[in-house]
Amino acid sequence: RVPVGAAARTLGTLPGRHRGLERGVTEVVRSADVAASSPDVWAVLSDFGAISSWADVVDHSCLMSDQTEGVGTVRRVQSGRATVVERVEVWEPPSLLSYALEGLPPVVRSATNTWRVDPTGSGSTVSLASRVGAGQRPPQRLIAQAVVRRMGKTSDQLLAGLTAVLARSDTLTDAATS
C-alpha cells in the first residue's frame, strides 16, 4: 500500500495546446495506488451522493436528482462556504467517472473532474484529472492555472479520503471474515 502523499503526483498543469486539450483548457492530474480492487473503488465513487462520508474536504453532499447513478446524476457539494453542483457526464463502471462542476465564478467557463480506476497486480491506481477552461487570452489562462492549482490540492485531499475509506473497508472486511 502506498500512501497518497507519496504516490500523488502532478502529471502536468498544461495549457490547452498540449496533450490534445482544447485551447484555453488547463489540466492537472493526481493519482494514488490503493490496495483495493477496481470494483471496490468504484463502489465508493459511484455512491455519488455520499462523497461527504469519506472526503474530509467536503462538509455536506446530497443528490439533487431522482437518478442515483449514470449519466445525468446530479449532486450538491458544500465545502466551507463554497457550494458547487456536479453533473455526471461519463459513467463507465468500474473504471471511469467524469462530472462537470457548476457554480464556480463566472470567469471559469468550464470545469470537470474525471476519476479513472485502473487495476494493478496488488490493487488499483486511481487518478483524478481536473480540467478548467477559462479562455485563451493570457489573463484567462492565468486564472485557469490558479483554479486548477487549487483543484489539484483538493484532488490530493479527495484521494487521501478515498484511500482511507478503502483501508477501513479492508480492515472491517478482514475482521468480519476472521
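Brief remarks follow.
- Where the Cα pairs of the range 88-141 fall when distances are cut into 5 Å bins, in %: 5, 18, 22, 17, 13, 11, 7, 5, 2
- Residue-wise HN-Hα coupling along the range 31-36, computed from phi with Karplus coefficients 6.51, -1.76, 1.60 (Hz; x: Gly, Pro): 8, 8, 8, 10, 8, 8
- Selection from 139, 169, 151 lying farthest towards where the dipole of the range 65-178 points positive, charges on Cβ: 139
- In this calculation the C-beta distance from residue 137 to residue 84 is compared with R0 = 30 Å, giving a FRET efficiency of 0.75.
- Ordering of 93-102, 66-75 by burial proxy (mean other Cβ atoms within 10 Å per residue, highest first): 93-102, 66-75
- The Cβ shell under 14 Å around residue 142 holds other residues with a net charge of +4, Lys and Arg each +1, Asp and Glu each -1.
No value in this document is a laboratory result; all are computed from the given coordinates. Just so we're clear, the structure is a prediction, and the values are computed from it rather than from any experiment. Virtual Cβ from ideal backbone geometry, glycine too; neighbours counted across all protein chains shown.
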